[in-house]
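Before any comments, here is the structure.
Since every read-out is calculated from the coordinates, none of them should be taken as a lab result. This structure is a prediction, so every number in the text was calculated from the model and none was measured. Methodologically, a virtual Cβ is constructed for each residue, glycine included, from the backbone with ideal geometry; neighbour enumeration extends over all protein chains shown.
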DNA sequence: ATTGGAATGTCAACAAAGCTGACATATTAT
DNA sequence: ATAATATGTCAGCTTTGTTGACATTCCAAT
């Protein structure tokens, strides 16, 4: 509403421009996951393990249910991943203090080590892209990504790193 | 090199900011695929079919080999998808004129109809996000995504829509 | 105190979509 | 002629998602 309707300003909403954005998203996501993927394929782990490790690292002592909400998969699917991570000694599952039905998850020392390895690789690529693009571009990048999220995921996205998730 | 090193400018490259970008990418990608996914799950198709349909629509008469390069999967994997799309009359495969080993792919009328349906849904979300973020943010978004791509994919990304791919 | 619901775990079966390896068939290039 | 290329296909395996069913444990409310 109320945008100036010059050719130049409306152009960025044209089908062609939006299609190019879609393709950019597709190709960029491949770069985004490639480095961690390469590390993981040398082990018996995949992208699902990476995601679990990432969000456990970011929200230590998170519950299984909270993790389910963030990852958007079924408990059976997550459970299969967690089972191997726990069996391999990368993740620790503790019964909740107040609610003993809950399991609180945290990385072990070995888990934290792998997390650092994966995160370092992914952040290095991301940081290189950020540096190449510059701060204003990064701000725009973040703005558009946020606008693309579903509302409930946007809330979860903002809640990460806060005190009580 | 040579960036001014004030707190404000270096902050966007901090681990915390980069991590947030990684998470934004993860959550946004879910929104990015969600609308087409919902349409596809009512049929016997998945995301792999969508990708094939998308790039055939964008580069009509593309060859199997070219598509393989863009999608980054094995020929067996792509062939499984193409086989069903051809059998269902959504994609047409023609023997090449100059090189008869090649198969040139294009959408049939039915294929183009599904492509429009999927593309409309995905572009609508993307356009809403673009509009909410504004043209400068979109420019930054595109810049960062390009910087995240692998070099060979960046070339392919730019080659799409050109005369001779 | 019992009952109902929530959180979790587990089993089984299945599907989508990736992979490797092997092999066949045209066709083109050397 | 021979080698390389483009494609298709078969078989089998992996990861990661899905449903459905069922058990356990615990909290909370009647």
*Across peptide A:146-158, what mean number of C-beta atoms from other chains lies inside 10 Å of a residue's C-beta?*
6
*Please average, across the residues of B:32-40, the number of beta carbons from any other chain that are within 10 Å of each residue's own beta carbon, and give a whole number.*
2
*For chain A, what's the relative contact order in percent, using C-alpha pairs closer than 8 Å and at least 6 residues apart?*
22 percent
_For segment A:12-165: span of alpha carbons on each principal axis (Å, largest first)_ = 53, 35, 27
*Along Cα→Cβ at 7 Å, what distances in nm separate the residue B:77 label point from those on the other copies, shortest first?*
1.7
*Under the rule of -39500 (n - 2.57) per DSSP H run of 4 or more residues, summed and divided by the residues of chain A, what mean residue ellipticity at 222 nm is obtained, to the nearest 500 deg cm²/dmol?*
-22000 deg cm²/dmol
_Between residue A:110 and residue A:44, what is the label-point separation in nm under the 7 Å Cα-to-beta-carbon projection?_
1.2 nm
*Going by average Cβ neighbours within 10 Å, how do the peptides A:93-104, B:32-43 rank, with the highest at the top?*
B:32-43, A:93-104
_Contact order normalised by length for segment B:41-131, with contacts defined as Cα pairs under 8 Å and 6 or more residues apart; what percent is it?_
31 percent
*asked:* Given the rotation that superposes chain A on chain B, what residue of A brings its beta carbon nearest the axis, and what is the distance in Å?
replied: A:140, 1
_Computed over segment A:88-165: relative contact order in percent, which uses C-alpha pairs under 8 Å that are six or more apart_ = 17 percent
_Test of understanding: in a Gaussian network model of chain B with alpha carbons linked when under 10 Å, which of B:105, B:13, B:68 would top the mean-square fluctuation ranking?_
B:13
_P(r) for the protein assembly as shown, please, calculated from all Cα pair distances in 20 Å bins and given in %._
27, 56, 17, 0
*asked:* Using a label point 7 Å beyond Cα on the Cα-Cβ vector, give me the inter-copy distances for residue B:136 in nanometres, one decimal, shortest first.
replied: 0.7
*For residue B:98 and residue A:151, what is the calculated FRET efficiency with R₀ set at 51 Å and r taken between the beta-carbons, to the nearest 0.05?*
0.50
*asked:* Under 10 Å, Cα contacts only: if you run a Gaussian network model on chain A, which one of A:47, A:131, A:58 comes out with the highest mean-square fluctuation?
replied: A:131
*Report, as an integer, the average count of C-beta atoms from other chains found within 10 Å of each Cβ along B:49-55.*
1
*asked:* For chain B, take the longest principal axis of its alpha carbons; what is the angle in degrees between that and the long axis of helix B:47-58, to the nearest 10 within 0 to 90?
replied: 80 degrees
_So the label point sits 7 Å from Cα along the Cα-to-Cβ vector; using that for residue A:124, what distances do you get to the other copies, in nanometres, sorted shortest first?_
4.3
*Whole Å is fine, so just give me how far the alpha carbon centre of segment B:22-95 lies from that of segment A:87-165.*
29 Å
*Could you work out how far helix A:75-87 tilts from the main Cα principal axis of chain A, as a 0 to 90 degree angle to the nearest 10?*
60 degrees
